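Here the structure comes first, spelled out in structure tokens, and everything after it is commentary.
Quick note: the coordinates plus some simple rules give every number you see, no bench work behind them. None of the values given here were measured: they were computed from a predicted structure. Here Cβ is always computed from backbone atoms with ideal geometry, including for glycine, and neighbour counts include all displayed protein chains.
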Amino acid sequence: MQNTSLYIGLMSGTSLDGVDGVLVRLPETPGTPVELLASAYLPFSAEIRQQAMMLQSTCNDELHQEALLANALARAYAECVHLLSEQYPLQDVRAIGVHGQTIRHRPELGYTRQTNNPSLLAELSGIDVIADFRSRDIAAGGQGAPLVPAFHRAVFAADNECRVVANIGGISNISILGADGSTTGFDTGPGNVLMDYWIHLHQAKNYDADGAWASQGEVNSALLQKLMAEPYLHLTPPKSTGRDLFHPAWLQQQLQGFETVSAADVQATLCAYTAMSLAQAIYAYGGQQAKAVYVCGGGAFNRRLMLMLQTFLFEAGSSALVCSTDALGVAPEQVEAMAFAWLAQQFCLRRPGNLPVVTGAKGPRIIGALYPA
């Protein structure tokens, strides 16, 4: 591998909307800002979305279907890399860090599955690829997730100041960066996944832009209370979750007895559910000391969700102000892609990429696998 600090990060999350890509110059010592050189976004085709959704649960001919999806994803990732190349030359890029698409996450059974074909991506891009970041942490007894708190600590922490970074993608996770150098992080519960499903079911839209539909409804307090009783929310970290738990059948079960609640009111309640579960987790695990909660991921663009998060934080007793990671100099849609560029660098420098205090692994591990160009 070349001795260079240029890395590409590619991220496609549980929202299944598309690929975010960044080209960054990363410092080799902590505390130096990340330099963004190029960014790109490639929406998923309807076929990729449909295949990925189908593989979230048992289906016919799964091995064949996953292999086809892996190839389609690798080609989409390569196209995103090409979009980056149109903005900045890539000949000195040391590696691509790519998360892959999570289709199953069962750490309690000792496995997680992020489908991808890194060999094909290396062939198409001509760049070394680092992938499969979660498996080694799980092999070491960890959850394999979330992995971004280590990046948040390296890039967003401040001396003598507690900061909270809340990533709201399909699933929500938090990183509480203590003023004393401590880090707490875990998946808090749903992010956009339930809201996206509900609006797609009723309005054939992929997401509730700016929370406009949720704003038209009223929060049903009884339904919200039932949703908040979900046992996962009350587990002690380390913990992680995904569509394996928060899926359409789970929501339909929760809605039993609430058949007269309007669809808009359900959407408003789901928005409140994401915000309340986040706020309570932040407050319960040390975030009450924070001056601000910095939101990244697609949820940062949902004004209704951001307002509700602020409301529930105040109600919990926190004075933290809710804003996006723009306030820290990083666009909210670029944070996770940057994290996987950083994880690729950690691998190349043979440095641990996990935080055992977050994932529950037996110790620090070099995570990822190399697919040479």
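Brief remarks on what is shown
- Distance in nm between pseudo-label sites at residue 350 and residue 53 (7 Å out along the Cβ direction from Cα): 4.6
- Potential lengthening between residue 83 and residue 119 on full extension [0.36 nm per residue; Cα-Cα distance subtracted]: 11.0 nm
- Förster-model FRET efficiency, 35 Å R0, residue 366 and residue 245, C-beta, rounded to 0.05: 0.75
- Dipole of the chain [Lys/Arg +1, Asp/Glu -1 at C-beta], most positive-end residue of 57, 173, 198: 173
- Taking the Cα centre of the chain as origin and assigning +1 to Lys and Arg Cβ atoms and -1 to Asp and Glu Cβ atoms, the resulting dipole is close to 720 debye.
- Legend: calculated FRET efficiency, residue 71 to residue 109, from the Cβ-Cβ distance at R0 = 35 Å, rounded to 0.05, equals 0.85.
- Annotation for the range 98-147 versus the range 175-218: alpha-carbon center distance of 23 Å.
- Distance from the range 152-166 to the range 254-272 (C-alpha centre basis), Å: 36
- By average C-beta atoms within 10 angstrom, highest first, the peptides 96-102, 242-248, 75-81: 96-102, 75-81, 242-248
- Nitroxide proxy distance, nm - points 7 Å out along Cα→Cβ at residue 323 and residue 179: 1.8
- Note on residue 205 and residue 232: the model spin-label points, each 7 Å out from Cα along the C-beta direction, lie 2.5 nm apart.
- Convex hull of the range 159-236 built on C-alpha atoms - directionally averaged projected area, nm²: 6.8
- Comparing mean-square fluctuations of 182, 277, 172 from a GNM of the chain with C-alpha springs under 10 Å, the top value falls on 182.
- Model label zone, residue 252; criterion: amide N under 17 Å from point 7 Å along Cα-to-beta-carbon; scope the range 270-296: none
- If you model the range 90-248 as an ellipsoid using its alpha carbon gyration tensor, with each semi-axis the square root of five times an eigenvalue, the axes come out at 30, 22, 18 Å, biggest first.
- The range 223-373 - Rg (one decimal) and Dmax (whole number), Cα, Å: 18.3, 57
- Convex hull volume of the C-alpha atoms in the range 90-133, normalised per residue: 63 Å³.
- Calculated diffusion of the chain, Stokes-Einstein form, Kirkwood radius summed over Cα pairs, 10 °C and 1.306 mPa s, µm²/s: 77
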